[in-house]
């Protein structure tokens with residue numbers, strides 16, 4: 001905060017942020033307007049905090065691309081919880097994998113962004129994107145803004161449709177994750193995939 005509020009004591013605003021949002025994650029996930037409501041924050045600090053969050057997310061993505069094997073479940077969950085878990089609208093992302101089950105370079109794409117309770121996903125679009133990138137495997141991830149990560153019937157139907165579409169062109173589906181800020185659900189671990 002000292003970079004965003006030069007020549008000022010930032011202890012009180014920092015303590016007020018933690019008091020209001022509970023922890024660093026809560027602060028980084030908060031909306032700009034909510035951050036600006038805290039006395040002493042102004043208009044620059046929320047933007048700086050959003051830059052920090054975006055940088056951390058990019059760091060996790062690039063670290064995952066370089067090191068993360070698709071079988072490293074906890075790393076994948078942590079990555080997607082950070083990236084999309086706190087969003088207020090449902091989004092659907094795809095991780096594109098090479099034959100070694102590692103992310104391809106820039107191997108995560110947000111295919112759809114929806115409303116608070118759904119995002120329209122088209123299996124054809126998923127398969128086309130995977131083939132263009134030369135992927136051999138896929139991981140799907142979407143968030144549930146309400147915090148409940150149990151899959152809906154629509155989530156299960158979509159997953160089956162995606163698996164069928166992918167199998168027709170020999171793409172391997174490694175997992176489908178549903179995340180929120182605090183929880184996750186794995187179709188693979190649940191035996192649904």
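The values are calculated or read from the model by the stated rules, or taken from the named source; none is laboratory data. Computed from a prediction, not measured in an experiment: that's the story for all the values here. Here the Cβ is made from the backbone with ideal geometry for all residues, glycine too, and neighbour counts use every protein chain on show.
Considering only residues of the stretch 10-48 that are surrounded by 14 or more Cβ atoms within 10 Å (Cβ to Cβ) and not in a helix (DSSP H, G or I), which is modelled with the highest pLDDT?
Checking each candidate, the answer is 38.
From the set of residues in the stretch 85-104 that are assigned to a loop (DSSP other than H, G, I, E, B) and over 17 Å from residue 72 (Cβ atoms), which is nearest to the chain's Cα centre (by Cα)?
Just the residues of the stretch 85-104 that are assigned to a loop (DSSP other than H, G, I, E, B), to begin with: 85-90, 98-101.
Among the residues that remain, those that are also over 17 Å from residue 72 (Cβ atoms) are: 85-90.
Values: 85: 6, 86: 8, 87: 8, 88: 12, 89: 12, 90: 10 Å.
Looking at the filtered set, the residue picked out is 85.
Count, please, the residues in the stretch 137-155 that happen to be over 17 Å from the mean Cα position of the chain (by Cα) and either exposed (fewer than 14 other Cβ atoms within 10 Å of the Cβ) or at pLDDT 95 or above (or both).
3
Looking only at the stretch 142-155, decide whether some residue is closer than 19 Å to residue 57 by Cβ and in a loop (DSSP other than H, G, I, E, B). Step through it out loud before you land on a result.
Within the stretch 142-155, the subset closer than 19 Å to residue 57 by Cβ is 142-145.
Imposing the further condition that a residue be in a loop (DSSP other than H, G, I, E, B) reduces the set to 144-145.
Scanning the stretch 142-155 turns up at least one residue that is closer than 19 Å to residue 57 by Cβ and in a loop (DSSP other than H, G, I, E, B).
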